[in-house]
Amino acid sequence: MAATSDYAGAAACAACHPNESKQQAASAHAHALSPSKPGQPGEWAFGAGAQATTFVRRAGPANYMEMGESWYRAINGFALTPGHHNAQGVLYRIFDPSAGILRCFSCHSTGPLNLASDGAITPHEEGVRCEACHGPAAAHARNPAENPMPDPKKITADELNRICGDCHRMPAAAGDATNLENAWNARHEPLLLAASRCFRESAGKLSCITCHSPHAPLETRAAAYDGACRSCHARAAHRVTISGRACASCHMPRVRPQENLAFTNHRIAIYRAGDPLRPVFNEAPR
């Protein structure tokens, strides 16, 4: 496991990669974790606020509390935190075998977590920055020629999706199969993408960055992804009139697991109107 000293930090990366760094610094990934601001509850704010922000505070020497109400952009206000049944919050033991709260901090930050003598969790670098995906870069920053970084272009789509899936995918409990028709799984994009016929028949080419820039802020216009779809489906034979609709608006419909939240279903398929979870056919038209 890499040590804190193995990490250079995003500022060091920016010295040689200014364009990528500028784009990434403006992304939701870069703001996935921050100390709570004045007027906000808790001690830590999880999420950049593109859809919601959930707050966490210390709750005694052995615990952290995920607070029972989160802020939602859709209503510009507070409502029940996803997965909670009341506003009392959920208590996490710091050293629980499931490592739930440590996983939360780990996925929302970069580099090793530091634990103070009183058990307080301190991220090495707040937010998902360069080295969360590229790996520790201190040696590379000191001497790039002698310490080249791994080339992401040389790994397979499946390997790249697994890197993204380390945080964008919650593993099923031991012995359980993941229910792809559970609305909450819409936020576990690599898992659903892997279930798509488009992925299975891509000859190992379809990855998260086929459609998404690894550095720039997330593009939210569905039509912006039409080019990626047409690179494989140049002349899609539709049986109904589509009236210029974006490919993703039909074949990757929005799923609403609760009020105020919506996620794109990455299980690319043909769906009936009003049912964004159960494919009619697990394929997109060719």
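Nothing in this text is a laboratory measurement; each read-out follows from the coordinates by a stated rule. Given the structure is predicted, the values throughout are model-derived calculations rather than measurements. Glycine also receives a Cβ, built like all others from the backbone with ideal geometry; neighbour counts cover every protein chain displayed.
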Using just the C-alpha positions of segment 194-262 as equal point scatterers, what log10 of I(q)/I(0) does the Debye formula give at each q in 0.12, 0.22 1/Å?
-0.39, -1.21
Honestly segment 44-154 on the Cα gyration tensor test (a ≥ b ≥ c root eigenvalues; a/c under 1.5 rounded, otherwise a/b vs b/c for prolate or oblate) is just oblate
Only four residue types carry charge here, +1 at the Cβ of Lys and Arg and -1 at the Cβ of Asp and Glu. Report the dipole size of the chain about the Cα centre in Debye, rounded to the nearest 20.
1060
For segment 81-146 and segment 216-241, compute the distance between their C-alpha centroids and round to whole Å.
35
Which label belongs to the value computed from this structure, given these candidates for percent of Cα pairs over 33 Å apart: [x] 42; [y] 48; [z] 29?
[z]
Amide H of Glu69 versus every other amide H placed in the peptide plane: which residues, excluding those fewer than 5 positions away on the same chain, fall under 5 Å?
Thr81
Whose amide H sits under 5 Å from the amide H of Ala195, counting only residues 5 or more places off or on another chain, with H placed in the peptide plane?
none
Place a +1 charge on the Cβ of each Lys and Arg in segment 154-281 and a -1 charge on the Cβ of each Asp and Glu, then give the dipole magnitude about the Cα centre in debye, rounded to the nearest 20.
440
Sequence order, segment 221-227: Karplus ³J(HN,Hα) from phi using 6.51 cos²θ - 1.76 cosθ + 1.60, θ = phi - 60°, Hz rounded, Gly and Pro as x, gives 7, 4, 5, 5, 9, 4, x
